[in-house]
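The values are calculated or read from the model by the stated rules, or taken from the named source; none is laboratory data. Bear in mind that the values here come from a model prediction, so they are computed numbers and not experimental data. Here the Cβ positions follow ideal geometry from the backbone for every residue, glycine too, while neighbour counts run over all protein chains shown.
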Amino acid sequence: MKFAPLAALGLTVAALTIPAFADDSVPTTAPATAFSIDTPIEVLMADERAKAAVAKHFNGMDLTQHPAYEQFKSLSLKAVAPFSQGMITDEMLAKIAADLAEIK
């Protein structure tokens, strides 16, 4: 009976050290990130291609330089639009969405 806890410990260690078998049904690479108007603004601004696509529709404005950036960076463009006092229109969102969809 004294050896039962040691045996259990040995089995646990053995289970942890046995390499796992590869599962061929799981892809080994992550899918490419798709950007949209629902993506948080800070994520868009972290990618140069997405940042350029957004800036294009804000007359070249870098949103990271906006005085309130820290307050809205975790929100999406779609979420910020109703609070933008008309600066972000549905038409603008549609154009930005189309440009973001082209990023591969």
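Data overview
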item: Conditions (1) at pLDDT 95 or above; (2) surrounded by fewer than 14 Cβ atoms within 10 Å (Cβ to Cβ); number of the one not met by T39; result: (2)
item: Counted residues, segment 68-87 - those being modelled with pLDDT under 95 and assigned to a loop (DSSP other than H, G, I, E, B); result: 5
item: Residue check for A7: outside any loop (DSSP other than H, G, I, E, B), surrounded by fewer than 11 Cβ atoms within 10 Å (Cβ to Cβ), at pLDDT below 95 and not β-branched (V, I, T); result: yes
